[in-house]
Amino acid sequence: MKGVFDKDHVVSIRDFTVDEINTVLDYAEKMVPIVKGDKISREMEGKILATLFFEPSTRTMLSFQAAMQRLGGSCIGFANPKQSSVKKGETLADTLTVTSSYADIVVLRHPQEGAARLASKFSSKPVINAGDGAGQHPTQTLLDLFTIRDEMGNISNNHIGIAGDLKYGRTVHSLTNALAMYDTELTFIAPPGLQMPDEIIKKLKKDGIEYHKADDMEAVIDDLDVLYLTRIQRERFPTEEEYEKVASIYNVNRNMLENVKEDMIVMHPLPRVDEISPDVDDTKHAKYFEQAANGVPTRMAIMSLLLETYKEAME
Ligand code: NCD
């Protein structure tokens, strides 16, 4: 796999080629039997993962820790920076210099865009970006792509609707960058003030990607193969009043799925607030819990490829 996946860090999905993405997805598939307990792997034995989370997380942090432990490694870290020396005024640079001397791989989530790139400059070990402000969330994208491929058979040839907070949502920024490498049709569903940033749209235009913008979910939902919903990113709004104007803008419920395509899937990176009503959960369209579960094999694959432990595992 060397040559196809040759990375020091995972900071942005834009640093990936389509071959590298496909390598991760193929390898993640091989990890599924280990997650299910049908196979045992110790390929990370003796390795330590550090999870440094400066913002709240459930899925990302726990699935990274589960991934490391499924491969026989162990974990250190913090989920609450108030209990770390950051509270005493320590810089991100010093935190990375030190923690990378304790661990073999560092996963960082931080409210500032660009934090992971900066961290990678001070870390002596691979850094994985688990979300940097409104910037990127590359491992979420890889598990999103894994889910689309697994459910739909392929990533290309799908009409994918991306809805919600497209302005501040890092998951949708990374996902759009990645989907642009495949042959998909994209529809961005958001009120005008929360549409996809110009910079991302410009890149789509440059790459000749077919995309549309929409405001009304019901006008487009029946035409989609994949509906990817996201939470309005309350914490990134300048004021609470600004947030209130757009809160609860999209609520997909069972009735709205009545005329959708037979095999259309509904995805969400979670946490959901009120974007998807619980009555959707037991429809055949709901795939967001499978999506969350796919975080484990995908992150196992990413770490194995980064640390090159797959080499011994395959001997
Ligand atoms: C997302 C995030 O942190 O960007 N969560 C996740 O990692 N699954 C989505 C969100 O917080 O809305």
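All of the numbers you see were taken from the coordinates with simple rules; none came from a lab. Because the structure is a prediction, the values reported are computed rather than measured. Neighbour counts run over all protein chains shown; Cβ positions are idealised from the backbone, glycine included.
Relative to the longest principal axis of the chain, what angle (0 to 90°, nearest 10) does the C-alpha long axis of helix 170-179 take?
With rounding to tens, the tilt is 80 degrees.
Per the Debye formula with a single identical scatterer at each Cα and no solvent contribution, what log10 I(q)/I(0) holds for the stretch 138-293 at q = 0.16, 0.20 Å⁻¹?
Values, matching the q order: -0.85, -1.39.
Mind checking the log10 I(q)/I(0) for the chain at q = 0.11, 0.12 Å⁻¹? Debye, one equal scatterer per Cα, no solvent, two decimals.
-0.67, -0.80
What fraction of the DSSP beta bridges in the chain is antiparallel, stated in percent and rounded to the nearest 5?
0 percent
Normalise the Debye intensity by I(0) for the stretch 151-204, one equal point scatterer per Cα, no solvent, then take log10 at q = 0.18, 0.20, 0.29 Å⁻¹ and round to two decimals.
-0.56, -0.69, -1.26
Between the stretch 263-315 and the stretch 137-179, how many Å separate their Cα centres?
That distance is 11 Å.
Please compute the net charge surrounding Leu62, taking Lys and Arg as +1 and Asp and Glu as -1 over other residues with Cβ under 14 Å from its Cβ.
+4
If neighbour count is taken as other Cβ atoms inside 10 Å, put Ser85, Ser304, Ser12, Ser248 in order from fewest to most.
Ser248, Ser85, Ser12, Ser304
Given a cut-off of 30 Å, name the pairs among Lys202/Lys245; Lys206/Lys284; Lys167/Lys287; Lys7/Lys47; Lys87/Lys202; Lys39/Lys261 whose C-alpha atoms lie farther apart than that in the structure shown.
The answer is Lys206/Lys284; Lys87/Lys202; Lys39/Lys261.
If neighbour count is taken as other Cβ atoms inside 10 Å, put Lys202, Lys245, Lys30 in order from fewest to most.
Fewest-to-most Cβ neighbours within 10 Å comes out as Lys202, Lys245, Lys30.
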